[in-house]
Amino acid sequence: MYTSMIYYVVTEEHNYTIEMFLDTWGLSLDSRFEVVPYSIFTNATNFPAGTYVLSDLERLTRSEIDRTTQIWEHLTHTGLRVLNHPVRTLRRYELLRTLFQLGENCFNVYRLSEVREPRRFPVLLRPVAEHYIFGGLHRSQDEIDKATRHALRKGRSLEDVLMIEFCDTSDSVGTFRTYSAFVVAGTVIPRCLYFSRKWKLKQPDLLDEEMVREEWEYVALNPHQEWLARIFRLANVDYGKIDYSLLDGKPQIWEINTNPILLLPPERYKPVQLPAQQLFADRVTRAFEELDVPSSRGAGFTVVIPAGWSRAG
């Protein structure tokens with residue numbers, strides 16, 4: 001028989017990433033998705049047959065990672081498909097350090113706890129597990145020291161703050177391009193292309209006819225597909241979104257997010273943007289539909305919690 005249910009496992013306070021999609025563009029998938037908080041998933045002993053997507057790995061505690069790994073091993077041993085390994089999937093620090101060492105990225109990354117002075121300035125600071133940046137660019141060791149003292153006063157561990165060398169990918173007129181693409185079980189799907197005069201952006205703030213055309217070509221033609229597939233394999237990411245830019249034609253990767261927003265509601269886009277958004281929505285919907293895998297387990301089965309295992313810590 002084929003299982004048709006997809007269980008999207010996520011931290012409860014960040015379930016909007018998938019819920020927003022299922023309520024709008026992905027409405028046809030709504031009956032086939034169940035959004036499961038980690039607080040329930042890691043305490044469960046009965047897991048129905050289906051496909052499991054482990055998202056938001058960056059935000060898990062050590063005990064949640066340990067328990068989720070046990071569940072992953074049991075589900076996959078039973079023949080079910082589980083996207084993203086709780087341990088083998090690279091987090092932001094490990095990914096960026098690996099990419100620099102391999103020569104994929106031209107910029108390095110450090111934990112604040114491991115180095116006092118970077119190889120070059122400026123640098124930016126960001127949490128190891130969240131998706132925002134502390135302030136702007138830091139252009140001297142004095143500025144880093146001041147930011148470090150501020151982080152310590154706020155109770156942050158220096159182990160959990162990353163210092164990343166700034167990489168300027170703006171073109172000859174000062175325009176920054178940020179490319180984004182998804183992977184769903186090996187299928188690479190271009191998401192969008194943002195334009196801005198600012199290096200730090202969450203949404204595009206430039207849009208003209210030529211930019212609309214350039215984004216459409218990126219989404220429609222998937223020009224970086226082979227390279228993206230290789231990077232996702234390197235990072236052991238089965239589901240997630242990569243953000244990157246081009247420097248002299250060579251990709252520079254900013255991050256891979258395992259719990260990305262798929263799409264904003266349609267009314268949040270300008271009419272000229274909708275064709276590219278619809279194309280992505282159609283492709284990612286089809287990729288989710290293709291997650292069905294043969295299973296002989298039927299309605300469900302029980303995961304045995306090992307004796308002595310504790311969620312403490």
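The values are calculated or read from the model by the stated rules, or taken from the named source; none is laboratory data. Because the structure is a prediction, the values reported are computed rather than measured. No Cβ is skipped: glycine too gets one built from the backbone with ideal geometry, and neighbour counts run over all protein chains shown.
Summary table below
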read-out	value
Set PHE107, PHE21: member being touching a residue at least 60 places away in the same chain (Cβ under 8 Å), buried (at least 19 other Cβ atoms within 10 Å of the Cβ) and outside any loop (DSSP other than H, G, I, E, B)	PHE21
Cross-chain or 6+ apart pairs with Cβ under 7 Å, the range 136-153 first and modelled with pLDDT of 90 or more, then assigned to a helix (DSSP H, G or I) and not hydroxyl-bearing (Ser, Thr, Tyr)	HIS138/ILE144; HIS138/ALA147
Out of LEU80, LEU90, sole residue that is touching a strand residue (DSSP E or B) at 6+ places or on another chain (Cβ under 9 Å), closer than 29 Å to ILE133 by Cβ and not basic (Lys, Arg)	LEU90
Residue check for ASP56: among the acidic types (Asp, Glu), outside the structural domain of THR258 (by TED's automatic domain parsing), in contact with a helix residue (DSSP H, G or I) (Cβ under 9 Å, 6 or more places away or on another chain) and surrounded by fewer than 17 Cβ atoms within 10 Å (Cβ to Cβ)	no
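Residue-wise test of (1) modelled with pLDDT of 95 or more; (2) out of contact with any Leu (no Cβ under 6 Å at 6 or more places or on another chain); (3) surrounded by 18 or more Cβ atoms within 10 Å (Cβ to Cβ); (4) not in a helix (DSSP H, G or I).
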{"residue": "ASN43", "(1), (2), (3), (4)": "no, yes, no, yes"}
{"residue": "ARG67", "(1), (2), (3), (4)": "no, yes, yes, no"}
{"residue": "THR76", "(1), (2), (3), (4)": "no, yes, no, no"}
{"residue": "LEU80", "(1), (2), (3), (4)": "no, yes, yes, yes"}
{"residue": "VAL87", "(1), (2), (3), (4)": "yes, yes, no, yes"}
{"residue": "THR98", "(1), (2), (3), (4)": "yes, yes, no, no"}
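Here's the yes/no breakdown for (1) surrounded by 16 or more Cβ atoms within 10 Å (Cβ to Cβ); (2) more than 17 Å from GLU94 (Cβ to Cβ); (3) of a type in the set (A, V, I, L, M); (4) touching a strand residue (DSSP E or B) at 6+ places or on another chain (Cβ under 7 Å):
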residue	(1), (2), (3), (4)
SER113	no, no, no, no
ARG119	no, yes, no, yes
LEU125	yes, yes, yes, yes
ILE133	no, yes, yes, yes
GLY136	no, yes, no, no
LYS146	no, yes, no, no
LEU162	yes, no, yes, yes
